Amino acid sequence: MNIANDGVVALTWSLKDTLGEVLDVLDEPVEFLVGGDDLFEVIETALIGKNVGDTVNVRIEPEQGFGEFNDQLIFLESRDVFPSALEEGMTIEGVALPAGCSPHMPQDVLYTVTDIYPEHVVLDGNHPLAGIALNLTLQIRAVRAATEAELACRSAGTGFFKVSPLQIAPGSQLLQ
């Protein structure tokens with residue numbers, strides 16, 4: 001069965017930056033709905049017509065993937081408004097920012113605590129891969145028709161390659 005829209009593809013991959021540094025490896029297949037909300041368009045386009053066993057190399061430019069880095073999403077906030085348990089790498093939903101943070105901070109963003117100083121905290125609302133061109137090597141492990149439920153929700157249950165408000169990166173801690 002060839003990969004087509006409204007089909008589900010099981011993929012493994014290696015994700016690298018343009019210098020060849022490995023950013024992520026997935027050894028166990030994960031299923032994605034092609035033509036739904038699971039994959040970036042550039043990935044879907046590269047997969048259409050391919051078969052089980054094929055390897056596909058995809059170059060993802062920032063504007064095709066996680067977006068350009070936006071320095072307007074970096075905020076320096078007072079350390080006093082955050083809990084003492086705050087740690088670098090934690091994530092905070094924009095809607096859950098503590099009182100006392102800048103009122104100009106978008107609320108539909110997930111912020112990562114990038115630095116903690118005695119008086120200030122640095123919050124970054126960019127996706128960790130924003131502004132980075134990526135090289136993705138995909139291995140197609142299985143292809144099947146999507147179920148009615150998957151078609152209705154436009155997903156096979158994963159969205160590793162979609163950016164949506166308040167998406168939590170794997171392995172991150174969420175401050176609530």
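In this label model, Asp24 and Glu148 are separated by 3.2 nm, measuring between points 7 Å along each Cα→Cβ vector.
For the chain, how big is the tail of P(r) above 20 Å, as a whole percent of Cα pairs?
58 percent
Using just its DSSP H runs of length 4 or more, each adding -39500 (n - 2.57), the chain gives a mean residue ellipticity at 222 nm of -2000 deg cm²/dmol after division by all residues. Couplings 3J(HN,Hα) of the stretch 116-129, computed from phi: 10, 10, x, 9, 9, 10, 9, 10, 10, x, 7, 5, x, 9 Hz, in residue order, whole Hz [Karplus 6.51 cos²θ - 1.76 cosθ + 1.60, θ = phi - 60°; x for Gly and Pro].
Taking amide H as placed 1.01 Å from N in the peptide plane, the amide H of Asp24 sits under 5 Å from that of Leu15, each at least 5 places away or on another chain. Annotation: peptides 31-44, 54-67, ranked by per-residue average of other Cβ atoms within 10 Å with the highest first, follow the order 31-44, 54-67.
Couplings 3J(HN,Hα) of the stretch 27-33, computed from phi: 8, 9, x, 10, 8, 9, 8 Hz, in residue order, whole Hz [Karplus 6.51 cos²θ - 1.76 cosθ + 1.60, θ = phi - 60°; x for Gly and Pro]. For the chain, relative contact order (Cα pairs under 8 Å, six or more residues apart, normalised by length) works out to 35 percent.
Taken one residue at a time, the phi angles of the stretch 35-47 give Karplus couplings (6.51, -1.76, 1.60, θ = phi - 60°) of x, x, 10, 8, 10, 5, 4, 4, 6, 4, 4, 5, 7 Hz. Gly and Pro are set to x.
No value in this document is a laboratory result; all are computed from the given coordinates. Note that this is a predicted model, so its numbers are computed, not measured. Quick reminder, even Gly has a Cβ in these numbers, built from the backbone with ideal geometry, and neighbours come from all protein chains shown.
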